Amino acid sequence: MAEVFVSYGHATTLQAMQVAKALRGLGYEVWRDEDLPPHRDYSEVIEERLRAAKAVVVVWSADAVKSQWVRAEAEIAREAGTLVQLSLDGAPLPLPFNRIQCADLKSWNGDLEAPGWLKVVGSIAELVGVRAPTVEEDGPARLALPDKPSIAVLPFDNLSGDSEQEYFADAITEDIITALSRWRWFFVIARNSSFTYKGAAVDVRRVGLELGVRYVLEGSVRKVGQRVRLTAQLVDCADGSHVCAHKYDRDLVDLLSLQDELTEEVVRAIEPAMLIRENVRLSRKKPNDYSALDCFQRGMWHLNKVSADHYEPAIALFREAIARDPDLALGYIGLSRILYGGATVYGWSAHGEQDLEESYRAAKRAIELDPGDADAYFACSGAALYLSLHEEALAMAQKSVALNPNSAYGQFRLAQVLIYAGRADEAIEPILHSLRHSPFDPQMGAMLGALALAQYQAKDYAAAVAPAREATLHNFPAGYALLGAALARLGRLEEAHEALPAELLNRFVTDAPRLATYLDPGDRDHFMGGLLAAVGGTPAEPAPGLNPG
């Protein structure tokens with residue numbers, strides 16, 4: 001069966017032939033109705049080929065919009081997730097197709113570098129895969145894309161007018177390459193290959209073909225007096241579109257510190273942008289076509305919904321990732337994370353102790369498979385903490401941060417472990433770093449809860465109130481308990497009781513059947529004292545010297 005099905009109105013037959021020819025030139029097997037066999041019912045053949053195709057290219061025109069055949073074929077493709085749309089004349093599309101991206105090919109003359117055509121080819125490549133390498137007469141070979149999200153960081157341009165600042169632009173580029181390489185689910189082109197483009201005017205789409213990557217990061221550095229401006233743009237090589245673009249202005253005080261800060265800012269911005277783009281790409285695939293890495297990424301999409309409804313689908317996808325590739329560390333990391341989350345603070349598991357033990361084993365296996373993956377240590381630290389292995393949990397958290405200082409989750413885990421180890425004062429800075437690094441994180445409720453708990457255990461009850469209250473807005477059940485306890489310690493018992501009435505306390509206990517244990521039982525008693533006061537027990541004594549206000 002052909003990989004690509006072309007649907008069109010009869011008035012645009014010549015253009016449809018041109019589309020089919022161009023796709024065949026890229027190595028795709030293409031079917032359109034000129035290939036109908038004379039001995040079979042044509043409607044049966046069309047439906048058979050349509051449903052078997054991995055990509056259905058609908059060539060919209062005023063004629064096609066009026067065609068019931070084209071609209072029916074487009075609807076089947078839309079439901080199957082195989083629809084790729086292009087418009088030849090800009091005619092308004094019917095519902096629901098006018099709500100789906102459509103490439104603009106008005107006046108297209110067969111130019112294979114036209115932006116609209118590159119968008120079509122990029123969508124087909126996502127649905128079908130890149131075909132065998134082809135070489136244009138004066139163009140580059142097309143390298144197959146890796147399974148992982150792939151990126152090349154081009155040398156940042158020095159716009160300072162000062163050749164002595166060239167080293168600073170190069171250093172920023174190298175640091176970003178190094179930082180991105182620490183994310184084990186990214187494929188990052190090495191520095192020596194990226195720097196072959198230094199000083200040249202490049203077409204990022206051509207770079208994508210030559211290096212076999214889906215994204216390119218390009219940027220510039222300009223120094224004027226004691227100010228530095230850095231710009232960075234993440235570009236999708238399929239169509240040259242900007243995924244995100246950012247500008248940073250900083251005072252030049254400490255050059256090395258500035259270099260670190262700018263690197264972190266850039267990575268902080270582009271890491272989630274790439275993952276969001278990858279999830280959109282993956283959502284167009286059929287589950288039967290998922291690779292092990294696809295299963296992991298889709299599992300992470302469910303995990304990040306932080307919802308009981310997405311708990312079982314996430315587990316199933318992580319298990320499928322492991323089944324498809326038992327040596328993929330990421331599959332075990334995802335499984336470990338969803339199992340200990342469901343078994344502890346979120347209370348989704350029906351057999352928490354068993355799941356927690358499996359979570360710990362899965363994280364250990366991930367470390368065996370990839371000792372350089374910071375997320376493996378992050379997951380292991382979480383499972384160890386809830387198993388009351390405080391010393392191991394702390395060592396694993398510290399290792400995670402050492403391997404990837406830019407990981408918001410690594411900093412979050414370090415803070416969490418420090419709290420339960422009785423070092424709440426030390427926990428505040430890493431959790432603030434985590435919140436700065438990922439200000440819109442799907443795990444925001446847990447992160448805010450950790451900040452509130454650190455401040456509470458450090459006896460800064462007033463500071464704990466705001467993050468605890470905000471954690472409740474992110475559907476984090478323990479946030480109510482933290483808010484009530486902090487208000488009670490401030491002597492605001494009426495507010496504390498309103499924040500944590502009996503039904504909310506019951507929800508807290510029901511939704512969180514297992515909590516991390518404190519290394520020092522006195523820290524647990526300190527928290528429970530505030531909690532009991534909030535629900536109407538003996539009023540908690542404010543900390544010495546604290547004005548309950």
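We did not get these values from a lab; they are worked out from the coordinates using the rules stated. Only a predicted model underlies this, so the values are computations on that prediction, with no experimental measurement involved. With ideal geometry, Cβ positions are generated from the backbone for all residues, glycine too; neighbour counts draw on all protein chains shown.
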Could you please report the charge total around CYS380, scoring K, R as +1 and D, E as -1 over all other residues with beta-carbon less than 14 angstrom from its beta-carbon?
-> -2
Cα-based convex hull, the stretch 459-500, per residue volume (Å³, whole number) = 51 Å³
5 angstrom amide H check on PHE5, placed H, neighbours 5+ away = TRP31, ALA55, VAL56, VAL57
With a Förster radius of 51 Å, plug the Cβ-Cβ distance of LEU389 and GLN165 into 1/(1 + (r/R0)^6) and report the FRET value to the nearest 0.05.
-> 0.55
With no solvent and one equal point scatterer per Cα, compute the Debye intensity ratio I(q)/I(0) for the chain at 0.12 Å⁻¹ and report its log10, rounded to two decimals.
-> -1.15
Dividing the convex hull volume of the alpha carbon atoms of the stretch 335-490 by its residue count, what do you get in Å³ per residue?
-> 99 Å³
Env charge @ ALA201, Cβ radius under 13 Å, K,R +1 / D,E -1, value -1
Apply the Karplus parameterisation 6.51 cos²θ - 1.76 cosθ + 1.60, with θ equal to phi minus 60°, to every residue of the stretch 464-478 and state each ³J(HN,Hα) to the nearest whole Hz, in sequence, with x for glycine and proline.
-> 6, 4, 4, x, 5, 5, 5, 4, 5, 6, 9, 6, 9, x, 5
Per the helix-only calculation at 222 nm, which mean residue ellipticity applies to the chain, given -39500 (n - 2.57) for every DSSP H run of n ≥ 4 and division by its residues, nearest 500 deg cm²/dmol?
-> -17000 deg cm²/dmol
Peptide ranges 225-238, 357-370 listed from the most packed, as the mean C-beta count within 10 angstrom indicates | 357-370, 225-238
Taking the C-alpha atoms of the stretch 4-128, how large are the radius of gyration and the largest Cα-Cα span, Dmax, in Å?
-> 13.3, 40
With the cut-off at 18 Å, report for the stretch 190-343 the share of all Cα pairs above it, as a whole percent.
-> 68 percent
Summing Lys, Arg as +1 and Asp, Glu as -1, what charge do residues with Cβ under 15 Å from the Cβ of TYR332 carry, TYR332 excluded?
-> -3
Under 22 Å from the Cα of LYS247 - lysines, other chains or at least 8 residues apart | LYS198, LYS223
Which aspartates and glutamates have a Cα lying under 15 Å from the Cα of LYS399, excluding residues fewer than 8 positions away in the same chain?
-> GLU368, ASP370, ASP373, ASP375, GLU391
Using only Cα atoms, tell me the angle between helix 255-283 and the longest principal axis of the chain; keep it within 0 to 90° and round to the nearest 10.
-> 60 degrees
Residue among TRP301, SER400, ALA496 farthest towards the positive dipole end of the chain, charges placed on Cβ = TRP301
Could you name the lysines whose alpha carbon sits less than 16 Å from that of LYS119, not counting residues in the same chain fewer than 8 places away?
-> LYS106
The stretch 150-278, relative contact order [Cα under 8 Å, separation at least 6], % = 26 percent
Taking 90-99, 150-159, 23-32 and ranking on average Cβ neighbours within 10 Å, highest first, one gets 150-159, 23-32, 90-99
What FRET efficiency comes out for the pair LEU505/VAL224, r = Cβ-Cβ distance, R0 = 35 Å, nearest 0.05?
-> 0.05
